[in-house]
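Trainee: Following this message is one structure expressed as structure tokens.
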Amino acid sequence: MKKIAILGSTGSIGTQTLEVVRANGDIQVLALSAGRNIRVLEEQIREFSPRLAAVWDKDAAMELAVKVADTDTKVISGMEGLMELARMEEVEILVTAIVGMIGIRPTMEAIKAGKDIALANKETLVTAGHLIMKMAKEYGVKILPVDSEHSAIFQCVHQEERKGIEKLLITASGGPFRGMKTKDLEKVTVEDALKHPNWAMGQKITIDSATLVNKGLEVMEAKWLFGMDIDHIQVVVQPKSIIHSMVEFKDGAVMAQLGTPDMKLPIQYALYYPQRRYLKGDRLDFTTLTQITFETPDMETFLGLPMALEAGRIGGSMPTVYNAANELAVALFLRKKIGFLDIYRIIRDAMDAHAVICEPLLEEILETEQKTYERINARW
């Protein structure tokens, strides 16, 4: 029986992880966490009977504790609660499906406790990859990617020598606004941006896909996961999301992972690695698949990607500024306080104003995040 804990169990990745648990029957869920969605979390507690449930919001945690008082689940709250969940003694794998830099400290705590990480929280590596990967090596734990693109690369390279890799090719659908130009984006709405053509995801990542920020974050994450510099990672648009990513080797061979757009595949692969299990769902039908097309991303219109590449090349604390500025800008856009193109303007302004710290410690990363938020709140 494999024993797991899930940070962010009520979100898209978290709920799909629990679908994988249901389908297999040999995974025990020891802990769950949510921000404040206690309605869904209560349902999960009653189905999976975890020992711990961590809720970020303390008032929501107290409310949940009353609701589940008839169960054996202990309810905890705040960062202390997430840290307690992360280091639970019997947990083998921590699924980090939580959104944002809030995931960094619990991930570090889990690594120190010897837990493997099924990583869906890209901000952890984007902002603190130099710390996380060093710790994972020191404590002998695996970082198992859950993002479909990074899982695809992982599946292609895990038995290959890293020195034989020439470059990584990360695919992008292009999002709902593929083919549009800047003038077309001036009046797009939140509702427009949330209509992803292929994937069903949470709101924040769906907006990131529309801006191509998500691909930029994935490039920076891949840098740390696979030990590649930014200039050996290429983004290509593959509109049907059939090829999830590719690896080109020094001899010219290219390996790709293909499949239908279903996040349960990379989730299940991470939980059972290196074993493969049957997964119910649609299969590619190559008798009806007439073509797979590729495009170059439009980096003059979708500025999220070129700014990410810039931040990744600069390194240090700059990726934290990029990530933090985007997080707050997306939140403002979702609340309809700013326009779609203002997301790019906010990121640009924050990056231009930042004095880079070359090898930031955790405290400096968190301080940089806070200063970025303060600048944006003062100006927008």
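The values are calculated or read from the model by the stated rules, or taken from the named source; none is laboratory data. Nothing here was measured: the structure is a model prediction, and the numbers come from that model. With ideal geometry, Cβ positions are generated from the backbone for all residues, glycine too; neighbour counts draw on all protein chains shown. SASA here: full protein model, heavy atoms, side chains in, ligands and nucleic acids out. Shrake-Rupley method; radii C 1.70, N 1.55, O 1.52, S 1.80 Å.
Trainee: Hey, among Lys137, Lys142, which residue is modelled with pLDDT of 95 or more, surrounded by fewer than 17 Cβ atoms within 10 Å (Cβ to Cβ) and under 20 Å from Pro360 (Cβ atoms)?
Mentor: Result of the check over Lys137, Lys142: Lys137.
Trainee: Taking Met101 and the conditions (1) buried (at least 24 other Cβ atoms within 10 Å of the Cβ); (2) touching a Ser or Thr at 6+ places or on another chain (Cβ under 7 Å); (3) among the hydrophobic types (A, V, I, L, M, F, W, C); (4) in contact (Cβ under 8 Å) with a residue 24 or more places away in the chain, which numbered condition does it fall short on, given that it satisfies the others?
Mentor: (1)
Trainee: Looking at region 364-371, can you tell me whether even one residue there is in a helix (DSSP H, G or I), in contact with a Ser or Thr (Cβ under 6 Å, 6 or more places away or on another chain) and of a type in the set (Val, Ile, Thr)?
Mentor: Yes; the residues of region 364-371 include at least one that is in a helix (DSSP H, G or I), in contact with a Ser or Thr (Cβ under 6 Å, 6 or more places away or on another chain) and of a type in the set (Val, Ile, Thr).
Trainee: May I pose another question? So which residues in region 286-308 are crowded, with 19+ Cβ neighbours inside 10 Å and in a helix (DSSP H, G or I)?
Mentor: Gly304, Leu305, Met307, Ala308
Trainee: Quick one: in region 282-319, which of the residues that are of a type in the set (S, T, N, Q) and modelled with pLDDT under 95 is nearest to the chain's Cα centre (by Cα)?
Mentor: Thr293
Trainee: Quick one: Arg283 ticks every box in (1) surrounded by 14 or more Cβ atoms within 10 Å (Cβ to Cβ); (2) part of a loop (DSSP other than H, G, I, E, B) bar one, so which box is it?
Mentor: In the conditions (1) surrounded by 14 or more Cβ atoms within 10 Å (Cβ to Cβ); (2) part of a loop (DSSP other than H, G, I, E, B), Arg283 misses (1) alone.
Trainee: A further question on this structure: Quick one: how many residues across region 68-82 are under 19 Å from Gly11 (Cα atoms) and surrounded by 14 or more Cβ atoms within 10 Å (Cβ to Cβ)?
Mentor: Of the residues in that region, 6 qualify.
Trainee: Read through the list (1) of a type in the set (A, V, I, L, M); (2) open to solvent by 30 Å² or more (accessible area, probe 1.4 Å); (3) over 18 Å from Asn377 (Cβ atoms), then give the number of the only condition that Leu334 fails.
Mentor: Going through (1) of a type in the set (A, V, I, L, M); (2) open to solvent by 30 Å² or more (accessible area, probe 1.4 Å); (3) over 18 Å from Asn377 (Cβ atoms) one by one, Leu334 breaks only (3).
Trainee: Let me ask something else. Here are Glu191, Glu248: which of them is acidic (Asp, Glu) and assigned to a helix (DSSP H, G or I)?
Mentor: Glu191
Trainee: Look through Leu341, Leu366, Leu334 and report the one residue that is over 22 Å from the mean Cα position of the chain (by Cα) and hydrophobic (A, V, I, L, M, F, W, C).
Mentor: When all the criteria are applied, what remains is Leu341.
Trainee: Pro360 is checked against (1) of a type outside the set (S, T, N, Q); (2) touching a Leu at 6+ places or on another chain (Cβ under 9 Å); (3) open to solvent by 20 Å² or more (accessible area, probe 1.4 Å); (4) over 20 Å from Ile205 (Cα atoms) and fails just one. What number does that condition carry?
Mentor: (3)
Trainee: List the number of the failed condition for Ser209; all other conditions in (1) hydroxyl-bearing (Ser, Thr, Tyr); (2) over 21 Å from Ala97 (Cα atoms); (3) assigned to a helix (DSSP H, G or I) hold.
Mentor: Of (1) hydroxyl-bearing (Ser, Thr, Tyr); (2) over 21 Å from Ala97 (Cα atoms); (3) assigned to a helix (DSSP H, G or I), only one is false for Ser209: (2).
Trainee: Among the residues of region 21-40, what is the count of those that are open to solvent by less than 30 Å² (accessible area, probe 1.4 Å) and under 23 Å from Ala113 (Cβ atoms)?
Mentor: Residues meeting the conditions: 8.
Trainee: Looking at (1) in contact with a strand residue (DSSP E or B) (Cβ under 6 Å, 6 or more places away or on another chain); (2) under 16 Å from Leu125 (Cα atoms), which one does Val236 not meet, given that it meets all the others?
Mentor: (2)
Trainee: In this structure, is Leu119 closer than 23 Å to Glu47 by Cα, among the aliphatic types (A, V, I, L, M) and buried (at least 24 other Cβ atoms within 10 Å of the Cβ)?
Mentor: Criteria not met by Leu119.
Trainee: Does Tyr278 meet the test of being over 23 Å from Leu212 (Cα atoms), of a type in the set (Ser, Thr, Tyr) and either without any contact (Cβ under 8 Å) to a residue 12 or more places away in the chain or assigned to a loop (DSSP other than H, G, I, E, B) (or both)?
Mentor: Answer is yes for this residue.
Trainee: Something else about it: Could you list, in sequence order, the residues of region 179-226 that are at pLDDT 95 or above, closer than 24 Å to Val247 by Cβ and open to solvent by 40 Å² or more (accessible area, probe 1.4 Å)?
Mentor: Selection gives Lys223, Trp224.
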